[in-house]
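First up is the structure itself, then whatever we jot down about it.
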Amino acid sequence: MFGNYINGEWISTGATFENRNPANIGEVVGAFVKGTAADIDAAAAAASAAFPAWSATSGPARGNILYKAADILDKNFESVAADMTREEGKTLPEAKGEVRRAINIFRYFAGEGSRLPGMLVPSERDRVHMFALRKPIGVVGLITPWNFPSAIPAWKLAPALICGNTVVLKPASAAPLSAWRIVEALHQAGIPKGVVNFVAGSGGELGGALVNAAGLKAVSFTGSCEIGSWLHAHASRRHLRIQLEMGGKNPTIVLADADFNSAVENVVNAAFFSTGQKCTATSRAIVEDAIYDKFVAAVVERTRKLKVGDGMQPGIDIGPCVDQSQMETVLRYIEIGRKECGEPACGGRRLTEGALANGYFVEPTVFAGVAEAHTIAREEIFGPVLAILRASGFEDAMRIANAIPFGLSSSIQTTNLSRAFEFIYRAEAGLLTVNLPSAGVEYQLPFGGTKDSSFGPKEQGPAALEFYSDYKTVYLKY
Ligand code: NAP
């Protein structure tokens, strides 16, 4: 039984819900206490009470606790990664990569505690010293999705805490254990009571309580556009500071001058690894006419070699969809694709052979001949489905890439430096890659999208401090 964590105590009473292994749905990964609105209120009250002392603690001292939590996660590295594979379905090597990233994020922001840069500039006036101090904002609500169940809680918790805020974390119900393990590490590292609070349970039930909680000053959310918009509307009524990272429909442009083999590899990697359940996954490949047929054939050949199965087993490339509802969404979009653009070039089925029958496995699916107007070229599917569109040339490819409301990540495969720079300046997305997969970012630079994919300051890197802190500007005559 995994309890909630409120005011430094593990609360293990109350109704529970289970998370199950999507590769083997008979296996219960954990039973979690189902938080209530009253738990959210208690967590926010504890966070409010803890704020004065935590915000007055020095940055380096706060950093020491984050370093300790990172060391504890490192010590538990193997089991935390295995928990992630069991609850989310991504392969064990992918889970290990994510846990390593969460540890690195904690260390990165722990170091930030010794910097927390303010501003010092010369005054126009004689003998006036002017500067701006960075200060925390107060109690912050953090709402996270299931697809990066360790890294996303880490990249919200670590900057929030190092800036001196106190938090209430609501993890995704499909994968709460990975976030729980981070909170466990913070507890063992000696985080003072009330500074971090964790309440698992249904977002639909807890979301309203969180945005209305007394003392709350800000909300950072990662998840779907629909829930993000709802939160934005409700948080704005109270003038809460808000940060939203939401969906994408990310393009990879493949030009005829690209290094062909690496372009194929990058597109297949970005479309299918982690079962396509990455916000930065490529779901549209936009391929120049001159190489279109050859590219489709090569992507299909490569995709057919991907091994789908339980991510705990060695040699598996693609795990299951995270749960039944996500799998049904993917299968529904595949049916829409069939109706709109014909049989997929490969894949297109749920896999139920042998042990796969116990999980939510879908074949990696490639649709060729997709037109811009087709639903699978416009809507986020969040699964292993790739739509390949044809472009007459670079200009047409840029137009297609930008002609959607999303703007999370965008990629180009080309050996032409001018085209690469044209792309960099004109692509309407917050995260760009050149000759790399569209997914696969690091934590040292700002992360986030543009257009309907995101709202508010960026996450990660030095930019993360802008959301989790404010300035106090001082003019001093001496
Ligand atoms: P989701 O359904 O929007 O859920 C995200 C979180 O919001 C979960 O913790 C969920 O709780 C909670 N929630 C649900 N209803 C709520 C409400 N009314 N008020 C407050 N919170 C509520 O998204 P998801 O299915 O977990 O994640 C997939 C989506 O996340 C995709 O669209 C993907 O693109 C996006 N994503 C974006 C980024 C990015 O950085 N841009 C990164 C990763 C994922 P429950 O789990 O209990 O429902």
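The values are calculated or read from the model by the stated rules, or taken from the named source; none is laboratory data. The model shown is predicted, which means the values in this text are computed figures rather than measured ones. Neighbour counts are summed over all protein chains in view; Cβ atoms, including those assigned to glycine, are modelled from backbone coordinates with ideal geometry. Ligands, DNA and RNA are stripped out before the accessible areas are found, and what is left, the full protein with its side chains, is counted by its heavy atoms. Shrake-Rupley method; radii C 1.70, N 1.55, O 1.52, S 1.80 Å.
Restricting attention to region 354-382 and to residues that are polar (S, T, N, Q) and farther than 17 Å from Phe273 by Cβ, the residue that is surrounded by the fewest Cβ atoms within 10 Å (Cβ to Cβ) turns out to be Thr375. The single condition from (1) touching a residue at least 40 places away in the same chain (Cβ under 8 Å); (2) under 17 Å from Phe221 (Cα atoms); (3) among the hydrophobic types (A, V, I, L, M, F, W, C) that Ala110 fails is (2). Within region 219-226, is even one residue part of a helix (DSSP H, G or I), within 16 Å of the ligand (Cβ to nearest atom), open to solvent by 10 Å² or more (accessible area, probe 1.4 Å) and not assigned by TED's automatic domain parsing to the domain that holds Ala151? No, region 219-226 has no match at all. Scanning region 417-474 for residues that are crowded, with 16+ Cβ neighbours inside 10 Å, aliphatic (A, V, I, L, M) and touching a residue at least 60 places away in the same chain (Cβ under 8 Å) yields Ala429, Leu431, Leu436, Ala439, Val441, Ala464, Leu465.
Of the candidates Ser236, Ser262, the single residue that is in a helix (DSSP H, G or I), among the polar types (S, T, N, Q) and more than 19 Å from Ser411 (Cα to Cα) is Ser236.
Say whether the condition of being in contact with a helix residue (DSSP H, G or I) (Cβ under 8 Å, 6 or more places away or on another chain), aliphatic (A, V, I, L, M) and away from the ligand (no atom under 14 Å from the Cβ) is met by at least one residue in region 127-135. Within region 127-135, not a single residue is in contact with a helix residue (DSSP H, G or I) (Cβ under 8 Å, 6 or more places away or on another chain), aliphatic (A, V, I, L, M) and away from the ligand (no atom under 14 Å from the Cβ).
Within region 458-476, identify whether any single residue is among the small types (Gly, Ala, Ser) and closer than 21 Å to Ile253 by Cα, and answer yes or no. Write out each step before concluding.
Residues of region 458-476 among the small types (Gly, Ala, Ser): 461, 463-464, 469.
Then drop every residue that is not closer than 21 Å to Ile253 by Cα, which leaves none.
No: region 458-476 contains no residue that is among the small types (Gly, Ala, Ser) and closer than 21 Å to Ile253 by Cα.
For region 227-239, state whether one or more residues are more than 12 Å from the ligand (Cβ to nearest atom), open to solvent by less than 50 Å² (accessible area, probe 1.4 Å) and modelled with pLDDT of 95 or more. No; the residues of region 227-239 include none that is more than 12 Å from the ligand (Cβ to nearest atom), open to solvent by less than 50 Å² (accessible area, probe 1.4 Å) and modelled with pLDDT of 95 or more.
Consider region 343-373 and keep the residues that are in a loop (DSSP other than H, G, I, E, B) and touching a Gly at 6+ places or on another chain (Cβ under 7 Å). The one that is farthest from Ala285 (Cα to Cα) is Glu363. Only a single item in (1) in a helix (DSSP H, G or I); (2) not assigned by TED's automatic domain parsing to the domain that holds Phe221; (3) not aromatic (Phe, Trp, Tyr) is not met by Leu389, and it is number (1). Apart from one condition, Glu18 fits all of (1) surrounded by fewer than 23 Cβ atoms within 10 Å (Cβ to Cβ); (2) in contact with a Pro (Cβ under 7 Å, 6 or more places away or on another chain); the exception is (2). The combined condition, being within 16 Å of the ligand (Cβ to nearest atom) and under 20 Å from Glu205 (Cβ atoms), is not fulfilled by Leu157.
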